[in-house]
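> Have a look at this one before I ask anything.
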Amino acid sequence: MKSSDGPSSSLCDKRLTMPPPLDRTRILICIEALGVGGKERQAVELIKGLACQADIECHVVCLASHDFYLDQLAGRAISVDFATRRMRWDVGLFYRLYQTIKQYRPHVIHTNGLMSSFYAMPIARLMRIPLVNGSIRNAFPRGDLRWRVEQLLVKMSDYRVANSYAGLRSRGLAEADPRNVVIYNGFDFSRVEPFTTNQAPCRTTRVDRIKTVGMLAEFNRFKDYPTFIRMARRLSTRRSDIVFVAVGDGETFHASQELAAGVTAIKFLGQRKNIEEIVETFDVGVLSTFTEGISNSIMEYMALRKPVVATDGGGTRELVVDGETGFLVPPNNPDVLAAKIEYLLDHPDVAQHMGDAGEARLRRKFSTVRMVEETVELYKLAVANAQSERSADR
């Protein structure tokens with residue numbers, strides 16, 4: 001593993017010692033960061049899965065030095081390069097990225113965001129390499145300049161991957177077009193093996209037990225922590241058996257703390273790596289949000305058999321079955337959110353049934369294995385189409 005702008009790192013630097021077979025498909029994944037976030041988590045899960053594919057040779061180039069998830073790539077047969085941006089719009093990065101792409105000669109380039117697509121697309125065009133754009137991670141139309149640039153880059157890409165059908169529709173992309181693909185986020189169940197068995201986890205039903213309601217999300221303008229906090233305030237005025245846990249960090253963290261001032265039942269844990277251990281303590285997993293694709297947080301709740309209460313909208317309806325694996329509630333409505341949470345806390349049998357149903361649904365439709373298989377199929381389609389186009393040009 002090396003950086004294009006600094007000294008090499010030995011972490012994760014496990015390279016193939018023998019030349020790869022000629023029939024392996026070389027994939028270069030250009031990601032924006034390995035920092036905290038759902039997009040980053042899914043990039044790591046995909047990379048880990050691709051590293052296990054005998055017919056795939058995977059290389060990664062990262063445009064920022066954040067390394068929160070870097071340790072999860074240690075010891076795998078992949079290379080990771082850091083071609084970091086020196087400023088927001090770094091013209092020199094085009095050349096540095098070109099040199100990296102020229103070195104690895106990938107059959108396909110896969111990007112995961114606006115910046116990675118912006119820098120990789122001209123090079124992909126120049127070198128006639130198909131580009132898979134995986135930047136559609138939410139499901140709402142916006143009108144600002146950044147959103148319009150991202151939408152333009154998506155439409156200019158050879159293939160577009162969304163993590164939800166709602167996300168695909170939000171960009172005005174037709175589901176019938178074979179170059180527009182939905183590949184759901186995947187969950188690696190090995191993450192929760194220390195906390196689960198084939199049997200449903202034993203839950204105590206003592207009425208005097210302190211119950212935990214948790215929300216796991218980055219603190220930003222797209223996550224509706226104010227509604228979560230207002231819900232917690234309402235329930236705290238009439239019940240003393242609930243603690244409310246917020247896990248994450250970000251730009252709205254301090255404002256959220258101020259909004260929760262004076263309510264000792266609301267706990268802010270900050271940025272944490274032991275997510276599975278924390279979620280296992282939840283009785284109910286909550287996601288109050290303004291927009292969503294397929295939420296990593298909800299998948300973590302479901303994997304650990306927690307009933308879910310989430311804002312209805314975007315791709316959440318594709319993940320959560322209302323009344324079966326949890327409840328979907330209207331946005332910005334702390335009273336309805338509180339009512340659904342209280343119902344689950346007061347009906348532990350229903351909560352357990354929903355948690356078990358959620359875990360089963362996650363295994364059926366949202367596994368890492370399925371995500372990787374569908375992504376590899378797309379890569380092979382892209383390579384085959386590119387070869388056909390070159391043959392036609394001759």
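The values are calculated or read from the model by the stated rules, or taken from the named source; none is laboratory data. Keep in mind it's a predicted model, so treat the numbers as computed, not measured. Heads up, the Cβs are rebuilt from the backbone with ideal geometry, glycines too, and the neighbour counts pull from every protein chain shown.
> Select from segment 56-82 the residues that are without any contact (Cβ under 8 Å) to a residue 60 or more places away in the chain and in contact with a strand residue (DSSP E or B) (Cβ under 6 Å, 6 or more places away or on another chain) and write down the one among them that is farthest from Glu300 (Cα to Cα).
Filtering segment 56-82 for residues that are without any contact (Cβ under 8 Å) to a residue 60 or more places away in the chain and in contact with a strand residue (DSSP E or B) (Cβ under 6 Å, 6 or more places away or on another chain), the one farthest from Glu300 (Cα to Cα) comes out as Glu57.
> Let me ask another. Starting from segment 360-371, keep only residues that are under 12 Å from Phe189 (Cα atoms), then list their pairs with residues that are of a type in the set (Gly, Ala, Ser) and not in a helix (DSSP H, G or I) whose Cβ atoms are within a distance under 7 Å, requiring at least 6 positions of separation or different chains.
Note: pairs meeting the criteria are Phe366/Gly186; Ser367/Gly186; Thr368/Gly186.
> So which residues in segment 46-79 are hydroxyl-bearing (Ser, Thr, Tyr) and either in contact with a Leu (Cβ under 8 Å, 6 or more places away or on another chain) or not in a strand (DSSP E or B) (or both)?
Matches in segment 46-79: Ser65, Tyr69.
> Just to be sure I understand the filter: pairs with C-beta atoms under 6 Å, separated by 6 or more residues or on different chains, first member in segment 373-390 and among the charged types (D, E, K, R), second member surrounded by 15 or more Cβ atoms within 10 Å (Cβ to Cβ). Which pairs pass?
Glu374/Ile183
> Name the residue, out of Thr212, Thr252, that is within 23 Å of Glu324 (Cβ to Cβ), surrounded by fewer than 23 Cβ atoms within 10 Å (Cβ to Cβ) and touching a Phe, Trp or Tyr at 6+ places or on another chain (Cβ under 9 Å).
That would be Thr212, the only listed residue that is within 23 Å of Glu324 (Cβ to Cβ), surrounded by fewer than 23 Cβ atoms within 10 Å (Cβ to Cβ) and touching a Phe, Trp or Tyr at 6+ places or on another chain (Cβ under 9 Å).
> Okay, next question. From Ala357, Ala310, Ala303, Ala351, which residue is assigned by TED's automatic domain parsing to the domain that holds Lys211, modelled with pLDDT of 95 or more and farther than 19 Å from Phe187 by Cα?
Ala351
> Is it true that Thr212 is of a type in the set (S, T, N, Q), assigned by TED's automatic domain parsing to the domain that holds Val279 and either assigned to a strand (DSSP E or B) or modelled with pLDDT of 95 or more (or both)?
It is true that Thr212 is of a type in the set (S, T, N, Q), assigned by TED's automatic domain parsing to the domain that holds Val279 and either assigned to a strand (DSSP E or B) or modelled with pLDDT of 95 or more (or both).
> Exactly one condition in (1) more than 17 Å from the chain's Cα centre (by Cα); (2) surrounded by 24 or more Cβ atoms within 10 Å (Cβ to Cβ) is false for Thr281; which is it?
Thr281 satisfies all of (1) more than 17 Å from the chain's Cα centre (by Cα); (2) surrounded by 24 or more Cβ atoms within 10 Å (Cβ to Cβ) except (2).
> Scan segment 328-369 for residues that are surrounded by 16 or more Cβ atoms within 10 Å (Cβ to Cβ), under 30 Å from Tyr159 (Cβ atoms) and not β-branched (Val, Ile, Thr) and report the count.
Looking only at that region, the number is 4.
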